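The values are calculated or read from the model by the stated rules, or taken from the named source; none is laboratory data. For clarity, every value in this text was computed on a predicted model and none was experimentally measured. Cβ sites come from the backbone with ideal geometry, for glycine too, and all protein chains shown count toward neighbours.
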Amino acid sequence: MRFSFLSLLRNAFSANENWPEQWRSPEPKPAYDVIIVGAGGHGLATAYYLAAECGVTNVAVIERGWLGGGNTGRNTTIIRSNYLWEESEALYDHALKLWKDLSQQLNYNVMYSPRGVLMLAHTIHDIQTSKRHVHANRLAGIDNEWLSPEECKAFCPPLNISDNIRYPVLGGALQRRGGVARHDAVAWGYARAASALGVDIIQNCEVTGIRRGANGAVEAVETSKGTIRAKKVGVVAAGHTSVVMGMAGVRMPLESYPLQALVSEPLKPAFPCVVMSNTIHAYISQSDKGDLVIGAGTDQYVSYSQTGGLHIDMHTLEAICELFPMFRRVRMMRSWGGIVDVTPDRSPIISKTPVPGLFVNCGWGTGGFKATPGSGNVFAHTIARGEPHPIAAPFSLDRFTTGRLIDEAAAAAVAH
Ligand SMILES: Cc1cc2nc3c(=O)[nH]c(=O)nc-3n(C[C@H](O)[C@H](O)[C@H](O)COP(=O)(O)OP(=O)(O)OC[C@H]3O[C@@H](n4cnc5c(N)ncnc54)[C@H](O)[C@@H]3O)c2cc1C
(Lines give C-alpha, C1' and ligand atoms only; values in the text may rest on other atoms or scores of the structure.)
Protein backbone atom coordinates (compact mmCIF):
# COMPACT_ATOMS: atom_id res chain seq x y z
CA MET A 1 0.00 0.00 0.00
CA ARG A 2 1.34 3.44 -0.92
CA PHE A 3 1.41 6.13 1.74
CA SER A 4 -0.71 9.06 0.59
CA PHE A 5 -3.14 11.56 2.05
CA LEU A 6 -6.01 9.25 1.03
CA SER A 7 -4.49 6.13 2.57
CA LEU A 8 -3.82 8.04 5.81
CA LEU A 9 -7.42 9.23 5.85
CA ARG A 10 -8.83 5.77 5.09
CA ASN A 11 -6.78 4.18 7.85
CA ALA A 12 -7.65 6.90 10.31
CA PHE A 13 -11.31 5.91 9.90
CA SER A 14 -10.46 2.28 10.75
CA ALA A 15 -8.46 3.28 13.86
CA ASN A 16 -5.22 2.49 12.02
CA GLU A 17 -5.85 -1.24 12.44
CA ASN A 18 -5.74 -2.22 8.78
CA TRP A 19 -2.26 -1.17 7.75
CA PRO A 20 -0.57 -4.13 6.04
CA GLU A 21 2.88 -5.35 7.09
CA GLN A 22 5.58 -3.02 5.80
CA TRP A 23 7.59 -5.85 4.28
CA ARG A 24 7.10 -9.57 3.81
CA SER A 25 8.89 -12.08 6.08
CA PRO A 26 9.17 -15.17 3.88
CA GLU A 27 11.02 -18.42 4.50
CA PRO A 28 14.12 -18.66 2.29
CA LYS A 29 13.77 -20.23 -1.17
CA PRO A 30 16.35 -22.93 -2.11
CA ALA A 31 18.09 -20.58 -4.59
CA TYR A 32 18.34 -16.92 -5.61
CA ASP A 33 20.16 -15.00 -8.34
CA VAL A 34 21.82 -12.79 -5.72
CA ILE A 35 22.20 -13.10 -1.95
CA ILE A 36 23.10 -10.06 0.11
CA VAL A 37 24.57 -10.81 3.55
CA GLY A 38 23.53 -8.13 6.05
CA ALA A 39 20.29 -6.13 6.24
CA GLY A 40 21.78 -2.82 7.27
CA GLY A 41 21.07 0.28 5.23
CA HIS A 42 23.76 -0.56 2.67
CA GLY A 43 22.59 -4.16 2.15
CA LEU A 44 18.93 -3.17 1.87
CA ALA A 45 19.75 -0.27 -0.47
CA THR A 46 21.76 -2.66 -2.64
CA ALA A 47 18.82 -5.05 -2.86
CA TYR A 48 16.44 -2.20 -3.66
CA TYR A 49 18.59 -0.81 -6.50
CA LEU A 50 19.21 -4.34 -7.86
CA ALA A 51 15.44 -4.72 -8.20
CA ALA A 52 14.54 -1.13 -9.10
CA GLU A 53 17.37 -0.25 -11.53
CA CYS A 54 19.08 -3.47 -12.62
CA GLY A 55 16.05 -5.72 -13.19
CA VAL A 56 17.35 -8.34 -10.72
CA THR A 57 14.44 -9.18 -8.43
CA ASN A 58 15.25 -12.76 -7.42
CA VAL A 59 17.26 -11.46 -4.45
CA ALA A 60 17.48 -12.43 -0.77
CA VAL A 61 18.86 -10.26 2.01
CA ILE A 62 20.01 -12.49 4.88
CA GLU A 63 20.26 -10.90 8.32
CA ARG A 64 21.37 -12.65 11.48
CA GLY A 65 19.51 -10.25 13.78
CA TRP A 66 16.81 -7.74 12.91
CA LEU A 67 17.05 -5.39 9.95
CA GLY A 68 18.71 -2.09 10.77
CA GLY A 69 19.92 -3.45 14.13
CA GLY A 70 23.62 -3.03 13.28
CA ASN A 71 25.41 0.25 12.75
CA THR A 72 22.53 1.58 10.68
CA GLY A 73 20.34 1.83 13.79
CA ARG A 74 23.21 2.96 16.04
CA ASN A 75 24.76 5.89 14.24
CA THR A 76 24.48 9.64 14.73
CA THR A 77 23.15 10.15 11.18
CA ILE A 78 25.48 12.90 10.00
CA ILE A 79 25.30 13.38 6.23
CA ARG A 80 27.82 15.38 4.22
CA SER A 81 29.93 15.04 1.07
CA ASN A 82 32.84 17.45 1.65
CA TYR A 83 35.60 14.82 1.56
CA LEU A 84 39.04 15.70 0.18
CA TRP A 85 39.84 13.42 -2.75
CA GLU A 86 38.01 13.41 -6.08
CA GLU A 87 37.10 9.72 -5.77
CA SER A 88 35.47 10.33 -2.37
CA GLU A 89 33.76 13.53 -3.52
CA ALA A 90 32.19 11.62 -6.42
CA LEU A 91 30.96 8.80 -4.17
CA TYR A 92 29.62 10.85 -1.27
CA ASP A 93 28.08 13.53 -3.48
CA HIS A 94 26.35 10.82 -5.54
CA ALA A 95 24.80 9.75 -2.22
CA LEU A 96 23.94 13.32 -1.19
CA LYS A 97 22.08 13.87 -4.46
CA LEU A 98 20.08 10.67 -3.88
CA TRP A 99 19.22 11.73 -0.30
CA LYS A 100 17.43 14.79 -1.67
CA ASP A 101 14.50 12.87 -3.21
CA LEU A 102 14.84 9.61 -1.31
CA SER A 103 11.59 10.00 0.66
CA GLN A 104 9.62 10.54 -2.54
CA GLN A 105 11.38 7.70 -4.35
CA LEU A 106 10.79 5.20 -1.54
CA ASN A 107 7.37 6.64 -0.63
CA TYR A 108 8.67 6.66 2.94
CA ASN A 109 9.66 9.69 5.01
CA VAL A 110 13.36 9.25 5.81
CA MET A 111 13.34 12.72 7.41
CA TYR A 112 16.41 13.96 5.52
CA SER A 113 17.06 17.42 6.94
CA PRO A 114 19.79 19.48 5.21
CA ARG A 115 20.33 21.76 8.20
CA GLY A 116 24.08 22.27 7.58
CA VAL A 117 27.16 20.54 8.99
CA LEU A 118 29.72 22.86 10.59
CA MET A 119 33.21 21.39 11.16
CA LEU A 120 35.16 23.44 13.68
CA ALA A 121 38.84 24.38 13.54
CA HIS A 122 40.79 24.84 16.78
CA THR A 123 44.42 24.96 15.65
CA ILE A 124 46.44 26.45 12.80
CA HIS A 125 46.72 22.95 11.37
CA ASP A 126 42.91 22.59 11.48
CA ILE A 127 42.52 25.88 9.62
CA GLN A 128 44.93 24.80 6.91
CA THR A 129 43.29 21.39 6.42
CA SER A 130 39.76 22.84 6.49
CA LYS A 131 40.61 25.50 3.92
CA ARG A 132 42.27 22.87 1.75
CA HIS A 133 39.01 20.91 1.86
CA VAL A 134 36.96 24.02 1.05
CA HIS A 135 39.11 24.76 -2.04
CA ALA A 136 39.19 21.12 -3.19
CA ASN A 137 35.42 20.80 -2.79
CA ARG A 138 34.69 24.01 -4.66
CA LEU A 139 36.90 22.90 -7.55
CA ALA A 140 34.76 19.76 -7.71
CA GLY A 141 31.53 21.79 -7.64
CA ILE A 142 30.69 20.72 -4.08
CA ASP A 143 29.50 23.37 -1.63
CA ASN A 144 31.75 24.06 1.35
CA GLU A 145 32.57 27.46 2.83
CA TRP A 146 34.94 28.88 5.41
CA LEU A 147 33.39 30.81 8.35
CA SER A 148 35.07 33.09 10.89
CA PRO A 149 34.39 32.36 14.60
CA GLU A 150 31.72 35.11 14.64
CA GLU A 151 30.07 33.65 11.53
CA CYS A 152 30.14 30.20 13.19
CA LYS A 153 28.39 31.69 16.21
CA ALA A 154 25.78 33.37 14.00
CA PHE A 155 25.09 30.02 12.32
CA CYS A 156 25.05 28.08 15.60
CA PRO A 157 24.14 30.46 18.46
CA PRO A 158 24.82 27.98 21.35
CA LEU A 159 28.50 27.79 20.30
CA ASN A 160 31.05 29.20 22.76
CA ILE A 161 33.60 31.24 20.81
CA SER A 162 35.31 32.88 23.79
CA ASP A 163 39.07 32.44 23.90
CA ASN A 164 39.29 31.31 27.53
CA ILE A 165 38.66 27.64 26.71
CA ARG A 166 41.20 24.88 26.16
CA TYR A 167 40.83 24.88 22.36
CA PRO A 168 39.18 28.13 21.24
CA VAL A 169 37.15 28.06 18.03
CA LEU A 170 39.26 29.60 15.26
CA GLY A 171 36.70 29.13 12.46
CA GLY A 172 34.80 26.40 10.71
CA ALA A 173 33.97 24.79 7.37
CA LEU A 174 30.26 24.68 6.61
CA GLN A 175 28.47 22.43 4.14
CA ARG A 176 24.93 23.74 3.98
CA ARG A 177 23.55 20.71 2.09
CA GLY A 178 24.86 18.46 4.88
CA GLY A 179 22.52 17.41 7.68
CA VAL A 180 20.85 14.39 9.20
CA ALA A 181 18.17 11.77 8.42
CA ARG A 182 16.23 9.26 10.53
CA HIS A 183 18.38 6.12 10.49
CA ASP A 184 15.64 3.55 11.23
CA ALA A 185 13.41 5.06 8.58
CA VAL A 186 16.17 4.65 6.01
CA ALA A 187 16.40 0.91 6.75
CA TRP A 188 12.62 0.52 6.89
CA GLY A 189 12.05 2.57 3.74
CA TYR A 190 14.53 0.54 1.69
CA ALA A 191 13.21 -2.75 3.16
CA ARG A 192 9.61 -1.87 2.32
CA ALA A 193 10.42 -0.72 -1.21
CA ALA A 194 12.70 -3.71 -1.92
CA SER A 195 10.15 -6.19 -0.56
CA ALA A 196 7.44 -4.66 -2.75
CA LEU A 197 9.69 -5.32 -5.77
CA GLY A 198 10.02 -9.01 -4.85
CA VAL A 199 13.16 -9.05 -2.68
CA ASP A 200 13.00 -11.58 0.21
CA ILE A 201 14.27 -10.18 3.51
CA ILE A 202 15.12 -13.03 5.85
CA GLN A 203 15.77 -11.94 9.43
CA ASN A 204 17.08 -14.04 12.35
CA CYS A 205 19.08 -16.08 9.89
CA GLU A 206 22.86 -16.14 10.37
CA VAL A 207 25.24 -16.86 7.52
CA THR A 208 27.65 -19.47 8.90
CA GLY A 209 29.54 -20.48 5.76
CA ILE A 210 30.15 -19.56 2.12
CA ARG A 211 30.39 -22.61 -0.16
CA ARG A 212 32.65 -22.54 -3.21
CA GLY A 213 32.58 -24.98 -6.13
CA ALA A 214 35.43 -26.92 -7.74
CA ASN A 215 36.27 -23.88 -9.92
CA GLY A 216 36.52 -21.71 -6.79
CA ALA A 217 33.36 -19.71 -7.57
CA VAL A 218 30.61 -19.04 -5.04
CA GLU A 219 27.87 -21.68 -5.04
CA ALA A 220 25.82 -21.16 -1.89
CA VAL A 221 25.70 -19.77 1.62
CA GLU A 222 25.22 -21.96 4.68
CA THR A 223 22.82 -20.38 7.14
CA SER A 224 21.06 -21.18 10.39
CA LYS A 225 17.99 -21.86 8.18
CA GLY A 226 19.86 -24.22 5.83
CA THR A 227 21.81 -23.96 2.58
CA ILE A 228 20.73 -21.31 0.09
CA ARG A 229 22.23 -21.40 -3.40
CA ALA A 230 23.30 -18.35 -5.40
CA LYS A 231 25.96 -17.65 -8.02
CA LYS A 232 26.41 -14.11 -6.75
CA VAL A 233 26.85 -13.13 -3.09
CA GLY A 234 27.35 -9.57 -1.83
CA VAL A 235 28.77 -9.26 1.69
CA VAL A 236 27.63 -6.05 3.43
CA ALA A 237 28.25 -7.03 7.06
CA ALA A 238 30.03 -3.86 8.37
CA GLY A 239 31.93 -4.71 11.60
CA HIS A 240 31.74 -8.45 10.89
CA THR A 241 32.93 -8.33 7.29
CA SER A 242 36.28 -9.99 8.11
CA VAL A 243 34.43 -12.87 9.78
CA VAL A 244 32.04 -13.43 6.86
CA MET A 245 34.71 -13.01 4.18
CA GLY A 246 36.92 -15.43 6.12
CA MET A 247 34.23 -18.06 5.43
CA ALA A 248 35.16 -17.81 1.73
CA GLY A 249 38.88 -17.79 2.49
CA VAL A 250 39.36 -14.07 1.76
CA ARG A 251 41.49 -12.07 4.21
CA MET A 252 40.37 -8.44 4.48
CA PRO A 253 42.47 -5.32 5.24
CA LEU A 254 40.09 -4.34 8.06
CA GLU A 255 40.15 -3.72 11.79
CA SER A 256 36.94 -3.67 13.84
CA TYR A 257 36.50 -1.16 16.65
CA PRO A 258 33.63 -0.19 18.95
CA LEU A 259 32.32 3.33 18.31
CA GLN A 260 29.95 4.93 20.80
CA ALA A 261 27.13 7.45 20.77
CA LEU A 262 24.80 8.84 23.42
CA VAL A 263 21.56 10.81 23.67
CA SER A 264 20.33 13.30 26.24
CA GLU A 265 16.91 13.85 27.71
CA PRO A 266 14.62 15.63 25.20
CA LEU A 267 14.90 19.43 25.06
CA LYS A 268 12.91 22.08 23.27
CA PRO A 269 14.43 22.97 19.87
CA ALA A 270 17.74 24.62 20.80
CA PHE A 271 20.33 23.41 18.36
CA PRO A 272 19.80 24.34 14.70
CA CYS A 273 22.52 22.41 12.85
CA VAL A 274 25.18 19.70 13.13
CA VAL A 275 28.53 20.60 14.69
CA MET A 276 31.65 18.44 14.54
CA SER A 277 35.00 19.03 16.16
CA ASN A 278 37.74 16.66 15.07
CA THR A 279 40.43 18.09 17.31
CA ILE A 280 38.64 17.76 20.62
CA HIS A 281 36.50 14.98 19.22
CA ALA A 282 32.82 15.62 19.64
CA TYR A 283 29.91 15.89 17.29
CA ILE A 284 26.38 16.88 18.09
CA SER A 285 22.94 17.55 16.62
CA GLN A 286 19.39 17.64 17.98
CA SER A 287 16.88 15.04 16.85
CA ASP A 288 13.31 15.94 15.93
CA LYS A 289 12.26 14.30 19.23
CA GLY A 290 14.42 16.85 21.03
CA ASP A 291 17.28 14.76 22.39
CA LEU A 292 20.84 15.86 21.77
CA VAL A 293 22.53 13.18 19.67
CA ILE A 294 26.21 13.04 20.57
CA GLY A 295 28.93 10.96 18.95
CA ALA A 296 32.16 9.91 20.62
CA GLY A 297 35.38 8.41 19.25
CA THR A 298 36.41 4.83 18.61
CA ASP A 299 37.99 2.76 21.36
CA GLN A 300 41.75 2.35 21.05
CA TYR A 301 41.46 -1.44 20.98
CA VAL A 302 39.92 -3.73 18.37
CA SER A 303 36.89 -5.59 19.68
CA TYR A 304 33.55 -7.12 18.67
CA SER A 305 31.84 -5.89 21.84
CA GLN A 306 29.01 -3.41 21.27
CA THR A 307 30.01 -1.42 24.34
CA GLY A 308 32.99 0.90 24.54
CA GLY A 309 35.07 2.51 27.29
CA LEU A 310 33.29 5.00 29.55
CA HIS A 311 36.30 7.35 29.49
CA ILE A 312 35.75 7.86 25.74
CA ASP A 313 32.21 9.13 26.40
CA MET A 314 33.42 11.30 29.29
CA HIS A 315 36.08 12.91 27.09
CA THR A 316 33.41 13.74 24.48
CA LEU A 317 31.06 15.19 27.10
CA GLU A 318 33.84 17.41 28.46
CA ALA A 319 34.34 18.75 24.94
CA ILE A 320 30.58 19.32 24.48
CA CYS A 321 30.33 21.19 27.81
CA GLU A 322 33.22 23.44 26.83
CA LEU A 323 31.86 24.20 23.36
CA PHE A 324 28.22 24.53 24.47
CA PRO A 325 28.14 25.61 28.15
CA MET A 326 24.32 25.84 28.08
CA PHE A 327 24.21 21.99 27.95
CA ARG A 328 26.25 21.50 31.14
CA ARG A 329 23.25 20.48 33.24
CA VAL A 330 21.54 18.31 30.62
CA ARG A 331 21.16 14.66 31.65
CA MET A 332 22.31 11.85 29.39
CA MET A 333 19.74 9.09 28.91
CA ARG A 334 21.42 6.29 26.95
CA SER A 335 24.72 5.32 25.40
CA TRP A 336 25.55 2.42 23.10
CA GLY A 337 28.20 1.15 20.74
CA GLY A 338 28.45 -0.29 17.25
CA ILE A 339 31.28 -2.21 15.59
CA VAL A 340 32.84 -0.24 12.77
CA ASP A 341 35.10 -1.77 10.12
CA VAL A 342 38.09 0.43 9.42
CA THR A 343 40.44 0.26 6.40
CA PRO A 344 44.05 1.52 6.44
CA ASP A 345 43.16 4.55 4.25
CA ARG A 346 39.78 5.15 5.94
CA SER A 347 37.94 4.80 2.62
CA PRO A 348 35.39 2.08 1.87
CA ILE A 349 35.78 -1.04 -0.27
CA ILE A 350 33.09 -1.58 -2.95
CA SER A 351 34.49 -4.36 -5.02
CA LYS A 352 34.67 -7.68 -6.75
CA THR A 353 36.92 -10.11 -4.91
CA PRO A 354 39.40 -12.81 -5.97
CA VAL A 355 36.53 -15.31 -5.54
CA PRO A 356 34.31 -15.38 -8.66
CA GLY A 357 30.75 -14.36 -7.79
CA LEU A 358 31.73 -12.88 -4.41
CA PHE A 359 31.41 -9.11 -3.96
CA VAL A 360 32.08 -6.97 -0.91
CA ASN A 361 30.92 -3.58 0.35
CA CYS A 362 32.58 -2.60 3.63
CA GLY A 363 35.17 -0.45 5.35
CA TRP A 364 32.83 2.49 5.91
CA GLY A 365 34.27 2.82 9.38
CA THR A 366 32.78 5.68 11.36
CA GLY A 367 31.14 7.38 8.38
CA GLY A 368 29.06 5.16 6.15
CA PHE A 369 25.52 6.18 7.01
CA LYS A 370 25.76 9.28 4.85
CA ALA A 371 26.71 7.13 1.88
CA THR A 372 23.86 4.62 2.21
CA PRO A 373 21.92 5.48 -1.00
CA GLY A 374 25.04 6.01 -3.12
CA SER A 375 26.79 2.92 -1.79
CA GLY A 376 23.77 0.68 -2.41
CA ASN A 377 23.29 2.18 -5.84
CA VAL A 378 26.83 1.66 -7.15
CA PHE A 379 27.18 -1.74 -5.44
CA ALA A 380 23.96 -2.99 -7.06
CA HIS A 381 25.27 -2.01 -10.51
CA THR A 382 28.63 -3.63 -9.71
CA ILE A 383 26.94 -6.93 -8.77
CA ALA A 384 24.50 -6.87 -11.68
CA ARG A 385 27.17 -6.14 -14.33
CA GLY A 386 29.95 -8.13 -12.69
CA GLU A 387 32.14 -5.07 -13.29
CA PRO A 388 32.65 -2.05 -11.04
CA HIS A 389 30.35 0.95 -11.45
CA PRO A 390 32.61 3.88 -12.51
CA ILE A 391 32.13 5.63 -9.14
CA ALA A 392 32.96 2.39 -7.29
CA ALA A 393 36.01 1.49 -9.41
CA PRO A 394 38.63 3.39 -7.33
CA PHE A 395 37.33 1.71 -4.17
CA SER A 396 38.46 -1.75 -5.23
CA LEU A 397 39.98 -4.29 -2.87
CA ASP A 398 43.17 -4.47 -4.92
CA ARG A 399 44.13 -0.87 -4.10
CA PHE A 400 45.80 -2.32 -1.01
CA THR A 401 48.16 -4.27 -3.28
CA THR A 402 48.56 -1.68 -6.06
CA GLY A 403 49.07 1.14 -3.55
CA ARG A 404 46.46 3.45 -5.15
CA LEU A 405 45.04 4.41 -1.75
CA ILE A 406 42.39 7.08 -1.21
CA ASP A 407 43.79 8.44 2.01
CA GLU A 408 40.93 10.15 3.82
CA ALA A 409 42.59 9.24 7.15
CA ALA A 410 45.09 12.03 6.95
CA ALA A 411 42.54 14.22 5.18
CA ALA A 412 39.62 13.96 7.56
CA ALA A 413 41.05 12.70 10.88
CA VAL A 414 37.50 11.72 11.74
CA ALA A 415 35.12 10.56 9.07
CA HIS A 416 31.58 10.83 10.45
C1 LIG B 1 28.04 5.13 17.17
C2 LIG B 1 28.16 5.29 15.69
C3 LIG B 1 28.02 6.55 15.13
C4 LIG B 1 28.12 6.72 13.75
N5 LIG B 1 27.88 7.96 13.23
C6 LIG B 1 27.84 8.13 11.89
C7 LIG B 1 27.45 9.38 11.34
O8 LIG B 1 27.12 10.33 12.06
N9 LIG B 1 27.43 9.50 9.99
C10 LIG B 1 27.78 8.48 9.15
O11 LIG B 1 27.78 8.68 7.94
N12 LIG B 1 28.10 7.25 9.66
C13 LIG B 1 28.14 7.06 10.99
N14 LIG B 1 28.46 5.82 11.52
C15 LIG B 1 28.85 4.72 10.62
C16 LIG B 1 27.62 4.08 10.01
O17 LIG B 1 26.71 3.73 11.00
C18 LIG B 1 28.02 2.83 9.24
O19 LIG B 1 29.10 3.09 8.37
C20 LIG B 1 26.85 2.33 8.38
O21 LIG B 1 25.66 2.35 9.10
C22 LIG B 1 27.15 0.94 7.90
O23 LIG B 1 25.97 0.40 7.34
P24 LIG B 1 25.90 -1.10 6.93
O25 LIG B 1 24.58 -1.32 6.32
O26 LIG B 1 27.12 -1.42 6.11
O27 LIG B 1 26.14 -1.87 8.29
P28 LIG B 1 25.15 -2.41 9.42
O29 LIG B 1 23.97 -1.54 9.60
O30 LIG B 1 25.98 -2.71 10.61
O31 LIG B 1 24.63 -3.75 8.76
C32 LIG B 1 25.41 -4.94 8.70
C33 LIG B 1 24.49 -6.08 9.04
O34 LIG B 1 25.16 -7.32 8.80
C35 LIG B 1 24.63 -8.25 9.71
N36 LIG B 1 25.52 -9.41 9.79
C37 LIG B 1 26.78 -9.47 10.28
N38 LIG B 1 27.24 -10.72 10.23
C39 LIG B 1 26.27 -11.49 9.68
C40 LIG B 1 26.13 -12.87 9.37
N41 LIG B 1 27.11 -13.74 9.61
N42 LIG B 1 24.97 -13.30 8.83
C43 LIG B 1 23.96 -12.44 8.55
N44 LIG B 1 24.02 -11.12 8.84
C45 LIG B 1 25.17 -10.65 9.39
C46 LIG B 1 24.57 -7.46 11.00
O47 LIG B 1 23.70 -8.05 11.95
C48 LIG B 1 24.09 -6.10 10.51
O49 LIG B 1 22.70 -5.91 10.64
C50 LIG B 1 28.39 5.61 12.91
C51 LIG B 1 28.54 4.33 13.46
C52 LIG B 1 28.41 4.17 14.85
C53 LIG B 1 28.54 2.80 15.42
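Observations on the model:
- Among the candidates 263, 244, the residue that is within 14 Å of the ligand (Cβ to nearest atom) and assigned by TED's automatic domain parsing to the domain that holds residue 313 is uniquely 263.
- Scanning the range 189-230 for residues that are buried (at least 22 other Cβ atoms within 10 Å of the Cβ), in a strand (DSSP E or B) and away from the ligand (no atom under 11 Å from the Cβ) yields 200, 201, 218, 228.
- Among the residues of the range 148-186, just one is under 27 Å from the mean Cα position of the chain (by Cα), over 19 Å from residue 96 (Cβ atoms) and among the aliphatic types (A, V, I, L, M), namely 159.
- Restricting the range 244-260 to residues that are surrounded by fewer than 22 Cβ atoms within 10 Å (Cβ to Cβ), touching a residue at least 40 places away in the same chain (Cβ under 8 Å) and out of contact with any Ser or Thr (no Cβ under 8 Å at 6 or more places or on another chain) leaves a set whose member that is farthest from residue 172 (Cα to Cα) is 249.
- Residue within the range 41-59 that is within 20 Å of residue 247 (Cα to Cα) and in the same structural domain as residue 235 (by TED's automatic domain parsing) present: yes
- Counted residues, the range 23-46 - those being in a loop (DSSP other than H, G, I, E, B) and of a type in the set (Ser, Thr, Tyr): 2
- Any hit, the range 399-410, residues being within 13 Å of the ligand (Cβ to nearest atom) and either hydrophobic (A, V, I, L, M, F, W, C) or assigned by TED's automatic domain parsing to the domain that holds residue 294 (or both): no
- Residue count for the range 261-272, restricted to those that are crowded, with 21+ Cβ neighbours inside 10 Å and within 18 Å of residue 169 (Cβ to Cβ): 1
- Residue check for residue 91: modelled with pLDDT of 95 or more and in a loop (DSSP other than H, G, I, E, B): no
- Residue in the range 47-74 that is surrounded by the fewest Cβ atoms within 10 Å (Cβ to Cβ), counting only those that are part of a loop (DSSP other than H, G, I, E, B) and away from the ligand (no atom under 16 Å from the Cβ): 55
- Condition broken by residue 234, with the remaining ones in (1) near the ligand (Cβ under 10 Å from one of its atoms); (2) within 26 Å of residue 378 (Cα to Cα); (3) within 22 Å of the chain's Cα centre (by Cα) satisfied: (1)
- Candidates 323, 358, 317: the one that is touching a Ser or Thr at 6+ places or on another chain (Cβ under 7 Å) and away from the ligand (no atom under 12 Å from the Cβ) is 323.
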